[in-house]
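All remarks here apply to the structure that follows.
Bear in mind that the values in this text are calculations on the coordinates, not laboratory data. Model, not experiment: these values are computed from the prediction. Positions of Cβ are generated from backbone atoms using ideal geometry, with glycine treated the same way; all protein chains shown enter the neighbour counts.
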């Protein structure tokens, strides 16, 4: 069984973790958004990649979903005393990741190689790939200005009203080594419940990805439950872009390449409209409150869609 | 009273602290070597400047003389787990200094401005100036290779045999704003017991500094006591360069601009030879084991040489 998960930050990491828990080593490849990556204090920071890695390693902060369990804030507290910028919460353990990544990138190592080595150190048995080794930067075009993603998301608490998104340099970026191959050879691609606009779209917009997605069974899990996002600005973005925030809108967003869609029981009434787009549906509890929920949802997705999509196509 | 101290790291910081304890705000300017500055993990690190600042702020580690009191090592321990380079001991509190300095340098602020702001935050009432806002890098030419100073000093524990030193880019570097003025207007310049070769020579070798030193009373304190250095490779360097490591050799090293010299009681027998070079001498206990010793030595220097050098010249 070859499964590829596409993921952004916290929500995506949870389902990726569920899949990691039920699949054997070698069966799962997680492709992670790097459009949120940025440089802060001279350090190369990959927030989504770190969230996915920390989560799969079982060392993430269970309360926040991002950052490290048992994190401390010695450096940040001292930075504050020096009048430093503290809007991006750099924990001490997390800082070590950024420092080592920055050093290795400066030495010429690829983000893919660095991530592979970190995963080995963290005891992760599955493959985690950054979407690209090239720099792609998500720019949020708001009513009044253009903001880098972290400026919009963390510093401004996603309050500015969104008009559109630009993935800077994406036309010149290549998917990281292994990304197109993994997707092309996948028995099933699972789009995790991440933000469609700023977590999944950057991956899908990389040259070649959309095309290869059309040739394999693709199942997405709605990040919108009952019209709101579990976390983050997904629902707010749909609204500001003039689209009703709903599971249906997410399915429509992905419809070019979508074969199956997972929606929450609370959204069961949308099932027939989604099916009318030619998309198979699974209605279940999709809110993942603990590691057991993640495993449960991953198992249901595998069981349900393997029969209906993979065996049909094979 | 206008006093300028020239200082490198730990030994220099101790006497600078002694002077800071007995002088009023506005009376003391400490000019600090930045030839040891380097970039590590993408961070701009100024080891001597930090040692002097931490010492004058009373927040340095009294056991080591460098680094911070109450330091913790969360980041470094985590870096080690990731296989990172840990030969340079980056403490958590110390890291905040490097991060904020790096951020501000990237924004275009000068090291002089950043140091001034840090000093204010740390409650330092005297002026601390980096020797230059331009990059000057001390290169240690050893028997077999050329090493950056930190590589030689920290990574190789100053074991390679020294042949000479190069202060890269020094001919194009300018003394930081205020350095030449402070020295030129000084009632007395005190060369702290720092390494002559790699702490004081970079300062003195900056364009214009040697010339202005010749016009003011200059007193040095020997970093060599009884033929050995209190700390670091000063004595070893003299030996490897074919010079007997002694207080006399230090005085001879500075003789172009030296008016007074302070040697330890253990070296009293050298007094007449130093005086024969036309240099006034003070023989006293020069080993500074605690803050009281620093204050004591600074007071003796001030009392003895003000009469003999400054009043003579005024």
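Observations on the model:
- Three-way shape label, region B:205-287, alpha-carbon gyration tensor, a/c 1.5: oblate
- Estimated translational diffusion coefficient (Stokes-Einstein, Kirkwood radius over Cα pairs, 37 °C, 0.692 mPa s) of region B:44-121: 248 µm² per second.
- With the highest mean first, a sort of the peptides A:102-115, A:5-18 on other beta-carbon atoms found within 10 angstrom per residue produces A:5-18, A:102-115.
- Between helix B:111-121 and chain B: long-axis angle, C-alpha atoms, 0 to 90°, nearest 10: 90 degrees
- Equivalent ellipsoid semi-axes - Cα gyration tensor, region B:145-255, angstrom: 25, 18, 11
- Pairs of Cα atoms farther than 14 Å apart, region B:255-309, %: 55 percent
- Three principal axis lengths of the protein assembly as shown [C-alpha, angstrom, descending]: 103, 48, 39
- Region A:37-113 versus region A:123-164: alpha-carbon centroid distance in Å: 16 Å
- Per-residue mean of C-beta atoms belonging to partner chains within 10 Å, peptide A:51-58: 0
- For the segment A:39-46, counting C-beta atoms of other chains within 10 Å of every residue's C-beta and taking the mean gives 4.
- Calculated Rg and Dmax of chain A using C-alpha coordinates, Å: 18.6, 62
- Three-way shape label, region A:51-192, alpha-carbon gyration tensor, a/c 1.5: oblate
- Where labels lie 7 Å past Cα in the beta-carbon direction, separation of residue B:210 and residue B:27 in nm: 3.3 nm
- Counting Cβ atoms of other protein chains within 10 Å of each residue's Cβ and taking the mean over peptide A:86-96 gives 4.
- Relative to the longest principal axis of the Cα atoms of chain B, the long axis of helix B:10-22 makes an angle of roughly 60 degrees.
- Maximal additional length on extending the residue A:86-residue A:116 stretch stands at 7.9 nm, based on 0.36 nm per residue less the C-alpha distance.
- Peptides B:202-209, B:286-293 ranked from most to least packed give B:202-209, B:286-293, packing being the mean of other C-beta atoms within 10 angstrom over each peptide's residues.
- Net length available on complete extension from residue A:172 to residue A:272 is 32.0 nm, with 0.36 nm assigned per residue and the Cα-Cα distance removed.
- Between A:32, A:75, A:166, the residue with the greatest mean-square fluctuation in the GNM of chain A (Cα pairs under 10 Å linked by springs) is A:75.
- Chain B has one residue whose beta-carbon comes closest to the axis relating it to chain A; that residue and its distance in whole Å are B:42, 2.
- Inter-label distance for residue A:154 and residue B:1, nm, one decimal - labels placed 7 Å from Cα along Cα-to-Cβ: 4.9 nm
- At R0 = 45 Å, FRET efficiency that the Cβ-Cβ distance of residue B:284 and residue B:109 yields, to 0.05: 0.65
- 0 to 90° range, to nearest 10: angle between helix B:47-57 axis and chain B longest Cα axis: 70 degrees
- Each 5 Å bin from zero up to the one holding the largest Cα-Cα distance in region A:1-134 carries the following percent of pairs: 2, 10, 21, 24, 20, 13, 7, 3, 1, 0, 0.
- Each peptide among B:119-129, B:185-195, B:241-251, A:245-255 gets the average number of other Cβ atoms lying within 10 Å of its residues, and from highest to lowest they stand as B:185-195, A:245-255, B:241-251, B:119-129.
- Estimated [θ] at 222 nm from DSSP helical runs (n ≥ 4, -39500 (n - 2.57)) normalised by residues in chain B, nearest 500: -9500 deg cm²/dmol
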